[in-house]
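The block underneath contains the structure these notes are about, expressed in structure tokens.
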Amino acid sequence: MAEHPAYPVGLRLTGRRVVVIGGGQVAQRRLPALIAAGASITLVSPSATPSVEAMADAGELTWERRRYTEGDLAEAWYVLIATGDPEANARASAEAERHRIWCVRSDNAEEATAWTPATGHSEGVTVAVLTARAEGRDPRHTAAIRDAVVEGLRDGTLVAPHHRTRTPGVALVGGGPGDPDLITVRGRRLLAEADVVIADRLGPRDLLAELPPHVEVIDAAKIPYGRFMAQEAINNALIEHAKQGKSVVRLKGGDPYVFGRGMEELQALAEAGIPCTVVPGISSSISVPSAAGIPVTHRGVAHEFTVVSGHVAPDDERSLVDWPALARLTGTLVILMGVDKIGRIAEALVANGKSPDTPVALIQEGTTAAQRRVDATLATVAETVRTREVKPPTVIVIGEVVKVGPEANA
């Protein structure tokens, strides 16, 4: 038997009897997959780990609290033997052999009639890696291969084209704060599968260079507006390409719904009957301060943080922000898109009671290779921005948390 490779097969265990002998760590690792497969599981073991006991308490398996005895495998389709008793393992294995029941042994792979592969899942696909022969089995090696394949499928670095017709539509993908490694796994996979990508300036630009040559990349800032406003033109471009049967990704910086007009685009697509998927992204409001060594909350310093758009000044009639209320808060204030208005914002906060000495950190090009941090106070921030030539995109953090991190006053 050792001269021949194992034959790989997928077992359909829904409603079929499976016996697990032993309730230790091996069973704890294997049981969730058997439960997910819909197997009718009987566990035979005098004891079990707390996690296995919780599965029994939840009714996910039947637990017989005793040692294995002859006949326990009756009517079983599959058995997992995982006890620390070699003699009991051998007797159970022999019973399985007599009744032609596929049997996995955790203690002796060569005596087993089945092996458990290293498995992983990605978008409805199960990846199973199995060593061909008993000799030279290296579970860590097979697990590493499994991990590499699954990770490649998830992040798009291993592209497996769909040969069946795909449903055209649009994915609004939050690309994160700028570092290409901070896009979500799902976002990166959808990007790798796209026919058309309409990208914002603040999206992770480095990812665009990795796209296959056939992918059409459109800079949202350069879409001709004509008689339309900028957002309307972007909406129309999304609809036009989707109606051509293409898979379209709208790659946005941060999260689509945090000052990203994602809902406006989703509403336009819904009105046009275009299916749309929204993939959340890591918002710069929390990731950029973190990258600069600033926690937006910290025990004993700040119990809340507020995120505000600063694209409209406090004295502008279009402003929807209650600046007097913000001035009274004791937590952290994070301002996005406000570097050119920070002088007037600081004046409004101080005028409504915030101390002029309140610390301020300005993080420019956060999470990218060009990141820099400049510290100031509400009293000095306007002059600091001018003299230090702080430019967008900059995340502004106001509050005592600025002084907490190791990079304070850098």
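The values are calculated or read from the model by the stated rules, or taken from the named source; none is laboratory data. Quantities reported herein were computed from a predicted structural model and do not represent experimental measurements. Heads up, the Cβs are rebuilt from the backbone with ideal geometry, glycines too, and the neighbour counts pull from every protein chain shown.
Listed values, structure above:
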quantity	calculated
From 6, 76, 39, 58, residue being surrounded by 12 or more Cβ atoms within 10 Å (Cβ to Cβ) and modelled with pLDDT under 95	6
Count - residues of region 43-88 that are under 16 Å from residue 28 (Cβ atoms) and small (Gly, Ala, Ser)	9
Complete set of residues in region 388-402 that are under 29 Å from the mean Cα position of the chain (by Cα) and either of a type in the set (Ser, Thr, Tyr) or at pLDDT 95 or above (or both)	394, 395, 396, 397, 398, 401, 402
Unmet requirement for residue 92, which otherwise passes all of (1) out of contact with any Gly (no Cβ under 9 Å at 6 or more places or on another chain); (2) at pLDDT below 95; (3) surrounded by 14 or more Cβ atoms within 10 Å (Cβ to Cβ)	(2)
Lone qualifier among 307, 334, 296 - being under 17 Å from residue 285 (Cβ atoms), part of a loop (DSSP other than H, G, I, E, B) and assigned by TED's automatic domain parsing to the domain that holds residue 360	296
Residue ID - nearest to residue 371 (Cα to Cα), chosen from residues in region 213-227 that are among the charged types (D, E, K, R) and part of a strand (DSSP E or B)	219
Pairs, first among the polar types (S, T, N, Q) in region 93-117, second surrounded by 13 or more Cβ atoms within 10 Å (Cβ to Cβ) and not in a helix (DSSP H, G or I), C-beta under 7 Å, six or more apart	93/81; 93/103; 93/105; 106/81; 106/82; 113/102; 113/103; 116/104
Selection count, region 186-222, where residues are under 22 Å from residue 232 (Cβ atoms) and of a type outside the set (Lys, Arg)	13
Residue in region 163-185 that is modelled with pLDDT of 80 or more, part of a helix (DSSP H, G or I) and either touching a strand residue (DSSP E or B) at 6+ places or on another chain (Cβ under 6 Å) or among the aliphatic types (A, V, I, L, M) (or both) present	yes
Residue selected from region 28-77 under the condition of a type in the set (Ser, Thr, Tyr) and not in a loop (DSSP other than H, G, I, E, B), by the criterion farthest from residue 103 (Cα to Cα)	51
Matching residues in region 118-127 - criterion: being modelled with pLDDT of 80 or more and buried (at least 16 other Cβ atoms within 10 Å of the Cβ)	118, 120, 127
Residues that are among the aliphatic types (A, V, I, L, M), within 19 Å of residue 337 (Cβ to Cβ) and surrounded by fewer than 22 Cβ atoms within 10 Å (Cβ to Cβ), drawn from region 379-410	382, 390
Residue match in region 203-212 (condition: assigned to a loop (DSSP other than H, G, I, E, B), buried (at least 19 other Cβ atoms within 10 Å of the Cβ) and within 27 Å of the chain's Cα centre (by Cα))	yes
Unique match (being hydrophobic (A, V, I, L, M, F, W, C), over 26 Å from residue 391 (Cβ atoms) and crowded, with 19+ Cβ neighbours inside 10 Å) among 302, 292, 346	302
Residues being touching a residue at least 12 places away in the same chain (Cβ under 8 Å) and either within 20 Å of residue 257 (Cα to Cα) or buried (at least 16 other Cβ atoms within 10 Å of the Cβ) (or both) - total across region 305-324	12
Subset of region 245-290 [under 17 Å from the mean Cα position of the chain (by Cα) and either without any contact (Cβ under 8 Å) to a residue 60 or more places away in the chain or in a loop (DSSP other than H, G, I, E, B) (or both)]	253, 255, 256, 257, 280, 281, 282, 283, 286
Residues (closer than 12 Å to residue 22 by Cβ and outside any strand (DSSP E or B)) located in region 87-104	88, 89, 92
Selected residue [outside any loop (DSSP other than H, G, I, E, B) and within 34 Å of the chain's Cα centre (by Cα)] from 374, 385	374
